[in-house]
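Here is the structure we will look at, set down as structure tokens.
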Amino acid sequence: MRNMLPAAITAIMSLSVLAACGTAGNESGKPADSGNSSTAPAASSAAGAGGNASIKGKVTFLTNRTDMVDKEYKEYAKRFKEKYPNAEIEFEAVRDYDKTLKVRISSGDFPDIVLVPTIPNADLPKYFAPLDDLGLNDKIYFKDYKATGGKTYGIASGASTVGIVYNKKAFQAAGITAIPKTLDELYAAMDKLKAKGIVPLASNFKDKWPLQSWVYDLPPAIAGTANVANDRIKSDAPYTLDGAYAKSFGILKNLHQKGYLEPDINSTNWEQSKKDVASGKFAMYLLGNWVINQVIENGAKSEDIGFFPMPYDNSGKINSPLNPDWFYAVNKNSKNAETAKAFVKWMIEDSGFDKFAGFIPVLKDKQPELAQLTEFKSFNPTFIEGVPDNDQAIATQNKAQIDPPAMVQDFVLGDGKAVFDKFNKQWADAKKSLGY
């Protein structure tokens, strides 16, 4: 699930946003001063004429950030209640978020505030309340990406790009003096790291969800178009050995075969990997800028963590994806829907979560504060802006029960052709059954 950043942000990133990042993000748990904390709520049913007194009752936010529940979210709850004394926010965290939430929304029993799962935009009104009354539509990016029928049902929590997050001390220890700009140079750097006893790249293969970068981010960069996933609907066999998916998965397969990943990829651990990258035991991730602050929180100094575009061939020219992260949504059947909406607005304007997460803020007038984005931009990648999900492609993927990260796992460990034949059949059968 990857969506488009409007053209306006390209100009921002080129002219000021990334160049302005002079302060490294941190994950201390202290709220960031977003510059918007004094902004009065818009005149709306969620925070309008009734003022703070109209926001009341308890709401629950179902989050994917399992690492924040007993830490930063406690402070969020305290600060939200300070603004809205009659309201209370609770947090519930789950792993395998997309799959778990789709099961729960299908039953009709799900929390007040969630992150939008991979469902067709046409289905959004079945489950979620419109958020147009929050007064944010003219202030944010991506307002049309989780929208249908002229109404906005999801607001992005932030934006990010994807590349190589690396430990500079690990590079120094291995004698790497220049950042790799081609795939062969990346392999050569990994050889040096491996020779020094440093794991070149943390794949988090077993955890599966970190493999999304190899599905949603690298293929569009390789293809030079953000329509790779959407274009699948044009074919009964979208997964080919000469296509962008195979090229992306093939790089990971090669890394595994060369011994550049964790010694046992079937027993990886996401939380431990952050500590290992922070300490320099592991050298790199292929992930978004959102992980940088998490590595810093796990013991690294900000100045020791860098970020550069992923070189996927030897041309010397690099495309990089630019996408929104998860979108907040409100259960249309929430007993305290106005409070739930107020919390979404508070998360965007007041919480400081974008700084904490290392995001490019979704508010148009707010600058990111992650120094590593400046380094990333210095390599002059061409940003491939995401596009809205094609409803037919999403519906076909869901009907076929295709789990893209699981496909990556199968491809890396098995025969690529056999794997693609299997998923192409599932795709074709689902597409036919849906009448596409």
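The values are calculated or read from the model by the stated rules, or taken from the named source; none is laboratory data. Worth saying up front: this structure is predicted, and the values here are computed from it rather than measured. Positions of Cβ are generated from backbone atoms using ideal geometry, with glycine treated the same way; all protein chains shown enter the neighbour counts.
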Item to check | Those helices (runs of 4 or more DSSP H) lying entirely in region 231-317 with at least 1 residues buried (at least 20 other Cβ atoms within 10 Å of the Cβ) and basic (K, R) | outcome: 270-279
Next on the checklist: Please count how many residues of region 402-427 are in a helix (DSSP H, G or I) and more than 28 Å from the chain's Cα centre (by Cα).
Outcome noted: 4
Checklist entry - What tally of residues in region 382-393 results from selecting those that are surrounded by fewer than 21 Cβ atoms within 10 Å (Cβ to Cβ) and over 19 Å from L322 (Cβ atoms)? => result 2
Checklist entry - Residues of region 74-89 being more than 26 Å from V291 (Cβ to Cβ) and either in the same structural domain as K275 (by TED's automatic domain parsing) or surrounded by 14 or more Cβ atoms within 10 Å (Cβ to Cβ) (or both), which ones? => result K83, Y84, A87, E88
Item to check | All positions within region 103-114 that are surrounded by 15 or more Cβ atoms within 10 Å (Cβ to Cβ) and either in contact (Cβ under 8 Å) with a residue 60 or more places away in the chain or within 16 Å of the chain's Cα centre (by Cα) (or both) | outcome: F110, P111, D112, I113, V114
Checklist entry - When you scan region 142-156, how many residues do you find that are at positive phi and surrounded by fewer than 21 Cβ atoms within 10 Å (Cβ to Cβ)? => result 2
Next on the checklist: Based on this model, can you work out whether Q392 counts as of a type in the set (S, T, N, Q), assigned to a helix (DSSP H, G or I) and out of contact with any Gly (no Cβ under 8 Å at 6 or more places or on another chain)?
Outcome noted: yes
Checklist outcome for this item: Counting only residues in region 47-73 that are crowded, with 19+ Cβ neighbours inside 10 Å and more than 27 Å from K102 (Cβ to Cβ), the one modelled with the lowest pLDDT is identified as A47
Checklist outcome for this item: Selection from region 128-141 of residues in contact with a strand residue (DSSP E or B) (Cβ under 7 Å, 6 or more places away or on another chain), more than 19 Å from V387 (Cβ to Cβ) and buried (at least 20 other Cβ atoms within 10 Å of the Cβ) yields F128, A129, L131, L136
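Every residue, every condition in (1) more than 28 Å from P311 (Cβ to Cβ); (2) acidic (D, E); (3) modelled with pLDDT of 95 or more, yes or no:
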{"residue": "A357", "(1), (2), (3)": "no, no, no"}
{"residue": "S378", "(1), (2), (3)": "no, no, no"}
{"residue": "I384", "(1), (2), (3)": "no, no, no"}
{"residue": "L413", "(1), (2), (3)": "no, no, yes"}
{"residue": "A418", "(1), (2), (3)": "yes, no, yes"}
{"residue": "F423", "(1), (2), (3)": "no, no, yes"}
{"residue": "D429", "(1), (2), (3)": "yes, yes, yes"}
{"residue": "K432", "(1), (2), (3)": "yes, no, yes"}
Item to check | Options A278, A226, A283; residue that is assigned by TED's automatic domain parsing to the domain that holds I164 and either more than 16 Å from I164 (Cβ to Cβ) or without any contact (Cβ under 8 Å) to a residue 60 or more places away in the chain (or both) | outcome: A226
Next on the checklist: Yes or no: region 187-204 includes at least one residue that is closer than 21 Å to N380 by Cβ and in contact (Cβ under 8 Å) with a residue 40 or more places away in the chain.
Outcome noted: no
Checklist entry - Is it true that some residue in region 129-137 is at pLDDT 95 or above and under 27 Å from K301 (Cβ atoms)? => result no
Checklist entry - Quick one: what pairs do we get from region 238-249, first residue under 13 Å from M407 (Cβ atoms) and outside the structural domain of A223 (by TED's automatic domain parsing), second crowded, with 22+ Cβ neighbours inside 10 Å and of a type in the set (V, I, T), C-beta under 7 Å, 6+ apart or different chains? => result none
